[in-house]
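S.K.: Starting off with a structure, shown below.
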Amino acid sequence: MMWQSSGTQSGALWEFPTQVLIAYGAKLNILINGQGQWWRFITPMFLHAGLIHLLVNMYALWMLGPYVEKLYGSAKFVVFWVVTGIAGVVASYLSVVEPGRTISPVFRFIFKYQDAPSVGASGALFGLVGVLFVFGIKFRHELPEGFKRAFGTGLLPMILLNLFIGYMGRGIIDNAAHLGGLVSGAALAVAVHYRRPGARGGVALIWRVLQISALSVIAFSFYRVIQHFRDALPDYAMAARVRQLERPPTPSFIRYFKAFHESQEALLLTINDRDSGGIDAALEQLDSLPPLDEKANTLRDTLKPILTKAKELNTRVVAAPKPLPVNLERERATLVRELSLWTTDYNEWLKTEGKKYGVAVSEDQNAAN
């Protein structure tokens, strides 16, 4: 489905466009914070950036999954997968810091400035590694010699190798998600007992309830993805391509960047959800901006009347009968075109002037974990 949405071109199968990843439920902080799209904490673990990404992760699942499922049973396995996958996405969410905040070189391995789409099962896979690591240590006196070498401390070389690969691939690999999954999987193994071979008894009711609940949350999350599948995403696609250069962005640029994106967010809420509550705050923020450069000032002055028009139009749309009269539909379409044209100018400004202020715009989609 993602390949079809990408145009079924051969290149798209290997790396889906940013807009496709976002539409299908990738983690993106700006949508979680600004739109309350909580399901993006859940759906990313079932999405992948392309075919190779999918095959590598599914091979890892094929190698690790059977051990965890045999040790703990299918109900616990499902709960482990979902909990550690969510923990990985939450860690990725928390690892995005505001532009302008200095990150120590040591922690650039984990933390990042860019709010880029993140997808993949890697967080949950690292969760399985965490489970087997702690299991091997916790029950080392009961395990046969071969299992001792495969689990517990025997997993350390693989863990360290993957963390090193993540360090070398920082900026592309979402290391925070990997660590979040690893730590949560280890915590689950500490707290949860496994059923020893030959032991009788069925699965505890609570684990069946948790299993069904986890699957239900997944299904409902993708239902929410379907509901928001057609949302306009021009500003978020651009936000995903902004990365920091060696020096921190200038404070004045940060103010413009924040004001422009919050204004776009307010406009999209007004156009898509008929909620113009953020328009006034966006206008106030634009009015408070100091002069930056000629193009930035023009962008600010062009955006303000679009915001005002959107608020006025929304008042009439909310009060109008359904379906909307033709004249209101036309005005709404005109507003969308004006926003689209403004976004094109804004993107061009970012690409041409960004380096001057300490940022660069990449055409590549970044950060699949």
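The values are calculated or read from the model by the stated rules, or taken from the named source; none is laboratory data. Computed from a predicted structure; not experimentally measured. We place every Cβ from the backbone using ideal geometry, glycine too, and count neighbours over all the protein chains shown.
S.K.: Just for region 4-22: of the residues that are touching a residue at least 40 places away in the same chain (Cβ under 8 Å) and touching a helix residue (DSSP H, G or I) at 6+ places or on another chain (Cβ under 7 Å), which one is nearest to Ile226 (Cα to Cα)? Can you show your working first?
M.R.: Kept after step one, since they are touching a residue at least 40 places away in the same chain (Cβ under 8 Å), are these residues of region 4-22: 15-19, 21-22.
Retained after the next criterion (residues that are touching a helix residue (DSSP H, G or I) at 6+ places or on another chain (Cβ under 7 Å)): 16, 18-19, 22.
Values: Phe16: 18, Thr18: 17, Gln19: 15, Ile22: 12 Å.
That would be Ile22.
S.K.: Here is a further query. Quickly run through region 316-361 and pick out the residues that are among the polar types (S, T, N, Q) and over 33 Å from the mean Cα position of the chain (by Cα). Full working, then the answer.
M.R.: Taking region 316-361 first, the residues among the polar types (S, T, N, Q) are 327, 334, 340, 343-344, 347, 352.
Result: Asn327, single match.
S.K.: Among the residues that make up region 315-332, is at least one of them within 23 Å of Gly34 (Cα to Cα), in the same structural domain as Asn347 (by TED's automatic domain parsing) and either free of Cβ contacts under 8 Å to residues at least 12 places away in the same chain or of a type in the set (Gly, Ala, Ser) (or both)? Give the steps one after another, and end with the answer.
M.R.: Restricting attention to region 315-332, the residues satisfying the condition of being within 23 Å of Gly34 (Cα to Cα) are 315, 317-318, 332.
Checking which are in the same structural domain as Asn347 (by TED's automatic domain parsing) leaves us with 315, 317-318, 332.
Going one step further and asking which of them are either free of Cβ contacts under 8 Å to residues at least 12 places away in the same chain or of a type in the set (Gly, Ala, Ser) (or both), we end up with none.
No: zero hits.
S.K.: Quick one: which of Val56, Val20, Val68 is aliphatic (A, V, I, L, M) and touching a Ser or Thr at 6+ places or on another chain (Cβ under 6 Å)? I'd like the intermediate steps shown before the answer.
M.R.: Values: Val56 fails: touching a Ser or Thr at 6+ places or on another chain (Cβ under 6 Å); Val68 fails: touching a Ser or Thr at 6+ places or on another chain (Cβ under 6 Å).
One residue alone meets the criteria, Val20.
Okay, residues lined up against (1) closer than 26 Å to Glu265 by Cα; (2) modelled with pLDDT of 85 or more:
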| residue | (1), (2) |
| --- | --- |
| Met1 | no, yes |
| Ser10 | no, no |
| Leu21 | yes, yes |
| Gly25 | yes, yes |
| Asn29 | yes, yes |
| Gly34 | yes, no |
| Arg40 | yes, yes |
| Met45 | yes, yes |
| Gly50 | no, yes |
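S.K.: While we're looking at this one, here's another question. Which of (1) over 21 Å from Thr334 (Cβ atoms); (2) in a loop (DSSP other than H, G, I, E, B); (3) within 29 Å of the chain's Cα centre (by Cα) is the odd one out, the single condition Leu289 does not satisfy?
M.R.: Of everything listed in (1) over 21 Å from Thr334 (Cβ atoms); (2) in a loop (DSSP other than H, G, I, E, B); (3) within 29 Å of the chain's Cα centre (by Cα), Leu289 misses just condition (3).
Condition check ((1) outside the structural domain of His261 (by TED's automatic domain parsing); (2) closer than 27 Å to Ala189 by Cβ; (3) surrounded by fewer than 21 Cβ atoms within 10 Å (Cβ to Cβ)) across all residues:
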position: Lys27; (1), (2), (3): yes, yes, no
position: Ile42; (1), (2), (3): yes, yes, no
position: Met58; (1), (2), (3): yes, yes, yes
position: Leu64; (1), (2), (3): yes, yes, yes
position: Ile86; (1), (2), (3): yes, yes, no
position: Ser92; (1), (2), (3): yes, yes, no
position: Val97; (1), (2), (3): yes, no, yes
position: Arg108; (1), (2), (3): yes, no, yes
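S.K.: Yes or no: region 341-356 includes at least one residue that is surrounded by 17 or more Cβ atoms within 10 Å (Cβ to Cβ), modelled with pLDDT under 85, assigned to a helix (DSSP H, G or I) and among the small types (Gly, Ala, Ser).
M.R.: yes
S.K.: Further question: Sort out which residues of region 1-39 are in a helix (DSSP H, G or I) and β-branched (Val, Ile, Thr), and write them in order of number. Let's see the steps before the verdict.
M.R.: Step one: list which residues in region 1-39 are in a helix (DSSP H, G or I), which gives 2-5, 10-14, 18-23, 29-35, 38-39.
Residues satisfying the conditions are Thr18, Val20, Ile22, Ile30, Ile32.
S.K.: Tell me which helices (runs of 4 or more DSSP H) are completely within region 132-194 and hold 3 or more residues being modelled with pLDDT under 70 and charged (D, E, K, R), or say none if there are none.
M.R.: Numbers: elements: 145-150, 156-168, 175-191.
Answer list for region 132-194: 145-150.
S.K.: Can you name the residue in region 44-54 that is in contact (Cβ under 8 Å) with a residue 12 or more places away in the chain and not in a loop (DSSP other than H, G, I, E, B) and is also surrounded by the fewest Cβ atoms within 10 Å (Cβ to Cβ) among such residues? Explain how you work it out, then say what you get.
M.R.: Taking region 44-54 first, the residues in contact (Cβ under 8 Å) with a residue 12 or more places away in the chain are 44-53.
When the remaining residues are screened for being not in a loop (DSSP other than H, G, I, E, B), the result is 44-46, 51-53.
Working: Pro44: 33, Met45: 29, Phe46: 17, Leu51: 14, Ile52: 12, His53: 20.
For region 44-54, the residue satisfying everything is Ile52.
S.K.: Suppose we filter Lys27, Lys70 for residues that are among the charged types (D, E, K, R) and within 15 Å of the chain's Cα centre (by Cα); which single one remains? Write out each step before concluding.
M.R.: On the way: Lys70 fails: within 15 Å of the chain's Cα centre (by Cα).
Unique residue meeting the criteria: Lys27.
S.K.: Looking at (1) closer than 26 Å to Lys351 by Cβ; (2) in a loop (DSSP other than H, G, I, E, B), which is the one condition that is false for Ser263?
M.R.: (2)
S.K.: Just need a number here: residues in region 59-96 that are aliphatic (A, V, I, L, M) and touching an Asp or Glu at 6+ places or on another chain (Cβ under 8 Å).
M.R.: First, the residues of region 59-96 that are aliphatic (A, V, I, L, M): 60-61, 63-64, 68, 71, 75, 78-79, 82-83, 86-87, 89-91, 94, 96.
Checking the rest, the ones that are also touching an Asp or Glu at 6+ places or on another chain (Cβ under 8 Å) come to 96.
Of the residues in region 59-96, 1 are aliphatic (A, V, I, L, M) and touching an Asp or Glu at 6+ places or on another chain (Cβ under 8 Å).
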